[in-house]
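Remarks on the structure that follows.
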Amino acid sequence: MSTELKLQARLDGELDAREAREIDALVEQNAQQAALMQELSWTKAAIAAGDVEVALPETREFYWSKIARAIEAEERKAATAAPAERSGWLKFFYPATGLAAMAAVMFVISGSRSNDGVDTESVPEDMNAVSFRSEAEKMSVVYVADEYGSFSPVGQEVKNEPEADK
Amino acid sequence: MAKAIDHKTAPDVKLVAASQAGNMQAFEELVARHRDKIYARAFSMMRNEEEAIDLSQEAWVKAWQRLKQFQGDSSFATWMTRIVINLCLDQLRRQKRTRAESIEQLDEELGGVERQMPIIATNPSQGLERSELRKRIDKAMNQLSYEHRTVLILHEFEEMEYKQIAKVMNCSIGTVMSRLFYARRRLASLLQSLKKEQQS
């Protein structure tokens with residue numbers, strides 16, 4: 001540590017007793033260091049009197065209303081995030097659930113295809129999935145629910161028209 | 001059942017306890033009591049009214065969320081001030097510094113600039129009214145870089161020790177000391193210039 005920084009540390013009460021005595025002795029002997037010490041002391045004293053005194057330029061009600069709104073918004077955000085966090089581990093099972101749902105639905109479709117030409121919907125029990133088959137479009141779509149219960153398509157099967165129909 | 005408290009007259013400790021239990025009216029009273037101080041600290045660091053308002057509000061929201069962490073080791077006002085200081089420092093770090101400050105930082109990095117400054121032989125604040133001195137200090141502080149201004153604020157106004165400042169500012173104690181030294185010497189020089197300007 002330089003002598004100048006030690007002078008400052010002495011002024012700020014950051015030196016131990018031995019170092020403080022050494023600096024005091026130095027200041028007594030050295031006019032240059034004494035002058036610097038004096039300048040630092042004046043500045044320190046001047047700053048102490050100079051903290052900013054400003055009042056908030058908004059009314060109590062307006063200022064509080066903004067804080068209250070922000071707190072409510074944060075709490076709402078936290079409340080919606082919490083269930084998702086709690087069920088976070090379930091996310092690992094969604095791809096597997098989706099695949100299982102698709103396989104099951106394909107099985108259902110191939111095993112019990114309606115031949116009457118109308119669109120059919122199949123909701124396998126105990127499965128968070130919905131399938132949709134359009135005979136007219138020759139297409140099946142499987143929807144699997146995400147953790148929020150929203151359904152989205154995960155796969156589709158388009159069947160070629162039977163050879164005989166061509 | 002919890003006893004109702006008179007928010008206007010209750011001490012901070014009781015209002016804090018009530019707020020920790022979820023009483024927003026008690027928290028509103030705390031905001032009303034300390035909002036000027038918290039805003040003033042944000043303003044002293046940011047030197048910008050709008051940013052100071054936003055950051056002081058953010059500090060209150062953070063305080064509400066972290067109230068359970070407040071153990072009463074310091075006063076509520078001190079705890080709140082630490083929150084707003086940290087938010088201001090984060091914001092200042094994010095912001096790109098202005099050219100003037102870069103030059104000042106460069107001066108500091110080049111080393112020893114403060115050692116070359118002539119020592120001020122007469123007290124530049126002597127004989128000044130308190131209000132006039134405050135104005136000059138404010139003007140001079142405005143000309144310091146945020147790192148130098150912050151180190152002065154934390155040391156002189158928040159009465160933090162070197163090691164506490166180093167922790168808050170995420171730098172070494174040596175850096176705190178050299179920044180403080182530079183800031184004081186520069187401030188003395190600026191106050192001297194302001195005094196000369198006034199006299200001429």
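Scanning the stretch B:30-53 for residues that are within 8 Å of another protein chain (Cβ to nearest Cβ) and surrounded by fewer than 21 Cβ atoms within 10 Å (Cβ to Cβ) yields B:Ala32, B:Asp36, B:Glu49, B:Ile53.
Residues of the stretch A:42-71 being in a helix (DSSP H, G or I) and either of a type in the set (A, V, I, L, M) or more than 48 Å from the chain's Cα centre (by Cα) (or both), which ones?
Taking the stretch A:42-71 as the starting set, the residues that turn out to be in a helix (DSSP H, G or I) are A:42-48, A:60-71.
Within the stretch A:42-71, A:Trp42, A:Ala45, A:Ala46, A:Ile47, A:Ala48, A:Ile67, A:Ala68, A:Ala70, A:Ile71 meet the criteria.
Candidates are the residues of the stretch B:55-68 that are closer than 12 Å to B:Ser19 by Cα and not aromatic (Phe, Trp, Tyr); the one that is most open to solvent (accessible area, probe 1.4 Å) is B:Lys68. For A:Ile23, indicate whether it is assigned to a helix (DSSP H, G or I) and either modelled with pLDDT of 95 or more or more than 7 Å from chain B (Cβ to nearest Cβ) (or both). So A:Ile23 fits the description; yes.
Output the number of residues of the stretch A:1-20 satisfying the condition of being open to solvent by less than 50 Å² (accessible area, probe 1.4 Å) and either away from every other protein chain (no Cβ under 14 Å) or touching a strand residue (DSSP E or B) at 6+ places or on another chain (Cβ under 6 Å) (or both).
Looking only at that region, the number is 1.
Checking the condition free of Cβ contacts under 8 Å to residues at least 40 places away in the same chain and surrounded by fewer than 16 Cβ atoms within 10 Å (Cβ to Cβ), which residue from A:Ala46, A:Ala55 passes? Before you say what the answer is, go through the steps one by one.
On the way: A:Ala46 fails: surrounded by fewer than 16 Cβ atoms within 10 Å (Cβ to Cβ).
Unique residue meeting the criteria: A:Ala55.
Each row is one residue, and each column tells you yes or no for (1) out of contact with any Ser or Thr (no Cβ under 8 Å at 6 or more places or on another chain); (2) more than 10 Å from every other protein chain (Cβ to nearest Cβ); (3) open to solvent by less than 10 Å² (accessible area, probe 1.4 Å).
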| position | (1), (2), (3) |
| --- | --- |
| B:Leu144 | yes, yes, yes |
| B:Ile165 | yes, yes, yes |
| B:Ile173 | yes, no, no |
| B:Phe181 | yes, no, yes |
| B:Ala188 | no, no, yes |
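The values are calculated or read from the model by the stated rules, or taken from the named source; none is laboratory data. These numbers were taken from a predicted model, which means no experiment stands behind them. A quick note on method: Cβ atoms are made from the backbone with ideal geometry, for glycine too, and the neighbour counts reach across all protein chains shown. Heavy atoms of the whole protein, side chains included, go into the accessibility calculation; ligands, DNA and RNA do not. Shrake-Rupley method; radii C 1.70, N 1.55, O 1.52, S 1.80 Å.
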